[in-house]
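K.L.:
There's a structure below that I have some questions on.
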Amino acid sequence: MNDWKTYLLKYKWIPTSVLIEKFDLKKYDIDNYRRKPKIQAILKPWRLSYDQSRDRLHEIFVDAWRYYLNEICHIDFKSNKKKWVPELISLKGISLKEAGLSFLSNSKYLEIISPKLLEEYRSHGFTNIALGAFYFWPGKDFLMSNSVLPYM
């Protein structure tokens, strides 16, 4: 996908910094496009903020985790689990290279979405990355069926 505008409309929540990096754009080009009333109407509900509803944040995080694990980490969950399991469990955090996606492990957002679950994961010593993979995407049922547990 070479057209950044199509990309933005596909991933409505995507941070400007990711678009700048991926498409070698200037911030003002993205800002000007986002200011158009029709585009603003499409993107505004997906704008990441602490004021978003719990349900909307959950939707954003499911899509963003899917994007991060597939597009950035290149983990293919359809391949042999001997290949993807080590890749998934070796994730320790969102790297600085993906700084625009650091919100995925931001405790403040996770607390808004599911405070009890965050507290439970913390009490067991699990990471925010484990919480993301189990709660958002690919999901607890999928991971458990492939013998992947949060402590891994």
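K.L.:
Counting helices only, and only those DSSP H runs with n ≥ 4, report the 222 nm mean residue ellipticity of the chain as the sum of -39,500 (n - 2.57) divided by its residues, in deg cm²/dmol to the nearest 500.
P.N.:
Working: 10 runs with 79 residues, N = 152.
Calculated mean residue ellipticity at 222 nm is -14000 deg cm²/dmol.
K.L.:
Length gain on complete extension for the stretch Lys22 to Lys36, per 0.36 nm per residue less the alpha carbon to alpha carbon distance? Show your work: numbers first, answer last.
P.N.:
Numbers: separation 14, 0.36 × 14 = 5.04 nm, distance 2.19 nm.
That works out to 2.8 nm of additional length.
K.L.:
With θ set to phi - 60°, apply the Karplus curve 6.51 cos²θ - 1.76 cosθ + 1.60 along region 7-12 and write out the HN-Hα couplings as whole Hz, x wherever there is a Gly or Pro.
P.N.:
4, 4, 6, 6, 10, 4
K.L.:
Right, next: So I have [x] 18.6, 59; [y] 17.0, 52; [z] 16.3, 48, and one of them is Rg and Dmax of the Cα atoms in Å calculated from this model. Which one is it?
P.N.:
Read-out from the structure maps to [z].
K.L.:
Related question: For region 81-152, with the dipole built from +1 on Lys and Arg beta-carbon atoms and -1 on Asp and Glu ones, taken about the Cα centre, which of Ser147, Pro86, Leu101 lies farthest toward the positive end?
P.N.:
The one lying farthest along the dipole's positive direction is Pro86.
K.L.:
Quick one: accessible surface of Lys10, probe radius 1.4 Å, all protein chains present, in square angstrom to the nearest 10.
P.N.:
Estimated to the nearest 10 Å², Lys10 gives 110 Å².
K.L.:
Once neighbouring chains are kept in place and the probe is 1.4 Å, which whole percent of the accessible area of region 1-96 is contributed by carbon and sulfur?
P.N.:
Values: 3190 of 6190 Å².
The value for region 1-96 is 52 percent carbon and sulfur by accessible area.
K.L.:
Spelling out what I want: for every residue of region 51-65, take phi, set θ = phi - 60°, compute 6.51 cos²θ - 1.76 cosθ + 1.60 (Karplus), and round to whole Hz; glycine and proline get x.
P.N.:
For region 51-65, the Karplus curve yields 8, 5, 5, 4, 5, 5, 4, 4, 4, 4, 5, 4, 5, 5, 5 Hz.
K.L.:
Taking θ as phi - 60°, what are the ³J(HN,Hα) couplings along region 102-114 by the Karplus curve (6.51, -1.76, 1.60), each to the nearest whole Hz, with x for Gly and Pro?
P.N.:
4, 4, 4, 10, 6, 4, 4, 5, 4, 5, 5, 5, 7
K.L.:
Shifting gears a bit: What is the gain in length, in nm to one decimal, between His74 and Ser49 on full extension, counting 0.36 nm per residue of separation less the C-alpha to C-alpha distance?
P.N.:
Details: separation 25, 0.36 × 25 = 9.00 nm, distance 2.67 nm.
Difference between extended and current length: 6.3 nm.
K.L.:
Based on the mean of other beta carbon atoms within 10 Å per residue, what is the order of 139-145, 59-65, most packed first? Provide the component values of the computation, followed by the final result.
P.N.:
On the way: 139-145: 13.3, 59-65: 20.0.
Listed from highest to lowest mean packing, they are 59-65, 139-145.
K.L.:
How far is it, in nm, from the label point at Lys81 to the one at Asn146 when both lie 7 Å from their Cα along the line to the Cβ?
P.N.:
For Lys81 paired with Asn146, the spin-label model returns 0.8 nm.
K.L.:
Let me ask another. In nm, what is the difference between 0.36 nm times the number of residues separating Tyr7 and Thr127 and their Cα-Cα distance?
P.N.:
Values: separation 120, 0.36 × 120 = 43.20 nm, distance 2.99 nm.
Roughly 40.2 nm would be gained on extension.
The values are calculated or read from the model by the stated rules, or taken from the named source; none is laboratory data. In this text, all values refer to a predicted model and were calculated from it rather than measured experimentally. Virtual Cβ from ideal backbone geometry, glycine too; neighbours counted across all protein chains shown. Heavy atoms of the whole protein, side chains included, go into the accessibility calculation; ligands, DNA and RNA do not. Shrake-Rupley method; radii C 1.70, N 1.55, O 1.52, S 1.80 Å.
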